[in-house]
Structures are given as structure tokens and as C-alpha cells.
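**Student:** This is the structure, below, for whatever I ask next.
The values are calculated or read from the model by the stated rules, or taken from the named source; none is laboratory data. All of these numbers come straight from a predicted model, not from anything done at the bench. Quick reminder, even Gly has a Cβ in these numbers, built from the backbone with ideal geometry, and neighbours come from all protein chains shown.
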Amino acid sequence: MLTKDLLRVSRRGGGYRPEFVDREERPLAARVLGVYRDHVGETRTTLETALEGVEREVEDFKLVRGFAALLDREATFETRSALPPERARRAAFEASEAVGVASEEERQRALARAADSLGSTVGAVEASLYADREVNQVLTRFDSPWDPDDLLDRYNLSLAQTALFDATEVRVRSSDPRALVSAVKRLRLMYEIRRVDGEREVVVTGPDALFRRTRRYGTAFARLLRTLVKAPEWRLDATIDDRGTERTLSLSDSDLTLPADEPLAEPTFDSGVEADFAARFRGLELDWEVTREPEALATGNRVMIPDFAFDYRPAGSAEATEFDSNPEGFRVYFEIMGFWTPDYVEKKLTQLAEVEDVELLVAVDESLGVGEEVTARDHRVVPYSGHVRVKDVVDVLREYEQELVAAAAASLPAELVPEDDVVSLAALAENRGVSEEALSSVTFPDHERVGRTLVRPAVLDRVREDVEAGMSLADAEAVLGGVGLEDTSATLSRLGYRVEWEGLSGGVLRKKE
């Protein structure tokens, strides 16, 4: 981004168009780069004098200053002096008070006195007095990886970002809408998604909706453009408040090129509330998998992207379940509804009323006072203040679990006869697409339950003949493993044995008394 005094825009025809540079300006970009590289070891004043010389030779001095503003961020300026400037000034001022400075001769005597007190020379003291002023700092390093083309691309992006400082509304279409919405939410901007001509358009509301303009919004719009440019195809139309006159700024992927060294990584979460919630939820190791920003949901002629989705994945079950016709499993969407303007809250309530037929849980900031209105729209609600309590969300998910287990159990026959002689309840539950808990009401006439395993009686009889008191635990485990019995403790107990441990030599089977 550039400062607004370096903004170059055309207002021809009532529009608002940044004056981008093209390859014709490559020689100028190369020249400014050369000025910085040639002045390593020189003071900032010397560098700026050289830049002013370049400015006088071009039609638009703002262009040179814009290039320089970007290159300044790649430069390292340091204070170089024989003495710490503050110490030199303190000693000089104390000496001046003692001597009384009214002439050049008295000034030199004061400097000599200061030099004596510091154990230095007059020249060193004089050179150090104001060495820490910005104009006297030295360009000590300039190792920018940019070539002239890189500088042109970065300048154009920065110019467009600066043009967005005064935007009141931004309308965007992108071939990567998910990344776009993620950035919008991360920047805490108000938005809605509309369907326009069969495409999704993200409408981002600016500071006027909050009754006053703040620099934070201008900066947020500029940062949003940085994410947008990463998409292969995109278009942006913004309403600009140009000193009281409303103008339209239009940009597309043909206008800007992502700088070659631009980092692609994005923060994982949009806000501290979301990041904090996700971290605490995942730490519980529940039967629910949490996904950030799932697919968009239809809301009339618009769409919304919830903050999270919870997928029910009971231990031992497959992804597809019998308690939902969706092959992806049972999913609960989760939206965190924070505080915004009354108008924005009303739009959100309308969205919630029109959202497609899905299970939706909404965490509502208590300060909004709209929890009952959300509930009236047939969605489950958890109130929060400051941060979303994971327990409140888990309690709701537990209610869903109970309903799902009951529905799964109701879909099962009263009796089941597995084909295998030995089968674990986990494997059977996975095969049937239910949780183990759903099998608790089912009877198995041809099998016995041994721990969490179903075993035909004939198998138990065969194992009983091969296991005897005094056998080592290792040998017994080999016998049980041979027929597929992995739950050693439960099986041995069913056969009437206990394990007696004999120090480091291992366990031995003994008859239970």
C-alpha cells in the first residue's frame, strides 16, 4: 500500500481509475532501483537528493516517489556515529552551559570540553550530535530481490490498494470464492453473498454502515485485494467516496499481476473467537469432526458460508450412515453470530430464515438480543458472551447423538446373525453403518458377547480344550489369536481363568476360585 498523497487516479468520465504503469515505465523502475543500489553507505539525505534529480526529469514526480516508498521497505537504514548521539548531545549541552556559547569560538571551546569529558575528539563529537536524525541515517543494506518488472507489479497492486481506502462497498466475483470469503471474515468485514447471473457475488459493506469512517476499513479493503489477486479469474467493483462524490472503481484479473515473491499463506482462522473455539473443541476427541468454512448454503437467491460444520463420525463407523440419506454422513452446520449493525443483523436473520433445509446451530452474541428470533426460525441456539463455550455446543451435539443412536437402533432388526464365527462389535457397527451403542438393543442368537466381541459357542468350546491352568499368558494369547479372539482379558475371564503375574517372567493362567 502507498500513502494517499501518492495516489494517482483518473476521474475521466466520472470514473475512478488507478493510473497503472506498464512495461514502458520499466526503464524508470530500473533507474530508481539503481539509485538505491548505488547509494549503499550514503546518508538518506544524499539518497533523497539523487531521487529528486530523477523526479525533475519525469512528468509525474508521484510515480518516482511511489517506487521509492516501496523500495524504502526493502532498505535498511542505521545510525552510524563514533559516539552514541544522546551521550554526545548531553555532554555538548552541559559544556555549553558551562562555557556560555554566543560565538563560533565559544562553540568550539564547548565541543572541546565535551570531547575531553568523553575521551574523544571534537570532530567525533560534532559528527555524532545529530547522527540519529532520519536524514542523517545511512543506507547500510539494500538487497531487494525485485527486478524492474517486479517493482512495476508491486506498484500497481499497491496503487489499487490505496484507491480502495475510501471504498464504502465492494462487490467481488472470484474463481476462488472460498478463499475470498475466508479473507473477508478474517478481516472482520460485513458481507453477504448474492447470486447474480448464475454467479456468486460477494458484497462487502464498508464503514458507512458503522456510521463513521475508520482507517481500519480502508486497510481491510486493501488487504482483501491482496487475497483476491491470487485467484486466476476475478472482478471487483467498488463504490468510492471521492471527497463527497460517489464514483465507481472497477478492476479485474487483467489489471493486476500477483508479485512473484508474494506469500500465499493465509491465517488459519478469521478471528480469535473461532480459533479459540476450534482448538478447544478438537482437544475433546469427540465423535464429531469439525470443518472450517464448509460448502455454501442456499438462502433464497443468495448463499451463506457457515463458520464450521460438525460431521458425526462415531468410533468404528464408516463415513456413510444409515441415519441419514446423505452419503457424506450426518452434518450440523455452525454459525457464530457476532455483533454488527442492526441492518446487518436483520440481513443475517433473513438469511437464517431462508437457509436450505439443513441442521444449523447458531451461537448468538448475547448483546444482540435476537436469540429467540433465531430459534423461531427453527434453528438451535447457544448464547455466548466474549467467547463461545465449548460445553454449550457439545451439549447440543449430544442431543443430536441421542437422536441419531435412537434412529439407528430403530432401523436395525431385533436379531442379527453375523456370518463370521468371531466378529468385533466395532467391525459389525462399521459394516452396518451405525455406532456400537446402537447395537446394544440387538440380540445375537448364534453368538455370545465376550467383552466387545461376538463369538459362536463352538469356538469357545474349541478354545476351552486348548487352554489350561499353568499355561503362560503368551501361549494362551497365541491360541486365542489363532481363532481371531483379540480381547484376551475378557475371553480368559469367560473361560474361567485369571492371570497370575510372576515377576519379570510373565503371566501364568490360574483357575478362578
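**Student:** Where in segment 1-83 are there helices (runs of 4 or more DSSP H), lying wholly inside it, with at least 3 residues that are within 37 Å of the chain's Cα centre (by Cα) and in the same structural domain as residue 245 (by TED's automatic domain parsing)? Can you show your working first?
**Tutor:** Working: elements: 26-38, 44-55, 61-72.
In segment 1-83, 26-38, 61-72 are the helices (runs of 4 or more DSSP H) which contain 3 or more residues that are within 37 Å of the chain's Cα centre (by Cα) and in the same structural domain as residue 245 (by TED's automatic domain parsing).
**Student:** Among 403, 465, 419, 513, which is the only one that is acidic (Asp, Glu) and under 46 Å from the mean Cα position of the chain (by Cα)? Working first, answer last.
**Tutor:** Numbers: 465 fails: under 46 Å from the mean Cα position of the chain (by Cα); 419 fails: under 46 Å from the mean Cα position of the chain (by Cα); 513 fails: under 46 Å from the mean Cα position of the chain (by Cα).
Residue meeting the stated conditions: 403.
**Student:** I would also like to ask the following. Against the condition surrounded by fewer than 18 Cβ atoms within 10 Å (Cβ to Cβ) and either in contact (Cβ under 8 Å) with a residue 24 or more places away in the chain or more than 17 Å from residue 493 (Cα to Cα) (or both), how does residue 432 come out, does it pass? Lay out the reasoning, then the answer.
**Tutor:** Numbers: surrounded by fewer than 18 Cβ atoms within 10 Å (Cβ to Cβ): no; either in contact (Cβ under 8 Å) with a residue 24 or more places away in the chain or more than 17 Å from residue 493 (Cα to Cα) (or both): yes.
No: the conditions fail for residue 432.
**Student:** Same structure, new question: Is it true that residue 450 is touching a residue at least 24 places away in the same chain (Cβ under 8 Å) and closer than 28 Å to residue 278 by Cα? Walk me through how you get there before you give the answer.
**Tutor:** On the way: touching a residue at least 24 places away in the same chain (Cβ under 8 Å): yes; closer than 28 Å to residue 278 by Cα: no.
The answer is no for residue 450.
**Student:** Hey, could you check segment 1-51 for residues that are small (Gly, Ala, Ser) and within 27 Å of residue 77 (Cβ to Cβ) and say which is surrounded by the fewest Cβ atoms within 10 Å (Cβ to Cβ)? Reasoning before the result, please.
**Tutor:** Applying the first criterion (small (Gly, Ala, Ser)) to segment 1-51 yields 10, 13-15, 29-30, 34, 41, 50.
Now drop any that are not within 27 Å of residue 77 (Cβ to Cβ), which leaves 29-30, 34, 41, 50.
Working: 29: 26, 30: 14, 34: 13, 41: 11, 50: 16.
The qualifying residue surrounded by the fewest Cβ atoms within 10 Å (Cβ to Cβ) is 41.
**Student:** With respect to residue 438, is the statement that it is surrounded by 19 or more Cβ atoms within 10 Å (Cβ to Cβ) and free of Cβ contacts under 8 Å to residues at least 40 places away in the same chain true?
**Tutor:** Values: surrounded by 19 or more Cβ atoms within 10 Å (Cβ to Cβ): yes; free of Cβ contacts under 8 Å to residues at least 40 places away in the same chain: yes.
Against the criterion (surrounded by 19 or more Cβ atoms within 10 Å (Cβ to Cβ) and free of Cβ contacts under 8 Å to residues at least 40 places away in the same chain), residue 438 qualifies.
**Student:** Taking the stated definitions as given, is residue 9 in contact (Cβ under 8 Å) with a residue 40 or more places away in the chain and of a type in the set (A, V, I, L, M, F, W, C)?
**Tutor:** Against the criterion (in contact (Cβ under 8 Å) with a residue 40 or more places away in the chain and of a type in the set (A, V, I, L, M, F, W, C)), residue 9 qualifies.
**Student:** Another question about this same structure. Could you say which residue among 241, 176, 253, 166 is at pLDDT 90 or above and within 28 Å of residue 22 (Cα to Cα)? Before you say what the answer is, go through the steps one by one.
**Tutor:** On the way: 241 fails: at pLDDT 90 or above; 176 fails: at pLDDT 90 or above; 166 fails: at pLDDT 90 or above.
It is 253.
**Student:** For segment 264-299, which positions are surrounded by 14 or more Cβ atoms within 10 Å (Cβ to Cβ), of a type in the set (S, T, N, Q) and modelled with pLDDT under 75?
**Tutor:** Answer for segment 264-299, where residues must be surrounded by 14 or more Cβ atoms within 10 Å (Cβ to Cβ), of a type in the set (S, T, N, Q) and modelled with pLDDT under 75: just 271.
**Student:** Tell me the residue from 160, 127 that is at pLDDT 90 or above, under 30 Å from residue 73 (Cα atoms) and among the small types (Gly, Ala, Ser), please. Show your work before the answer.
**Tutor:** Details: 127 fails: at pLDDT 90 or above.
Going through 160, 127 in turn, the sole match is 160.
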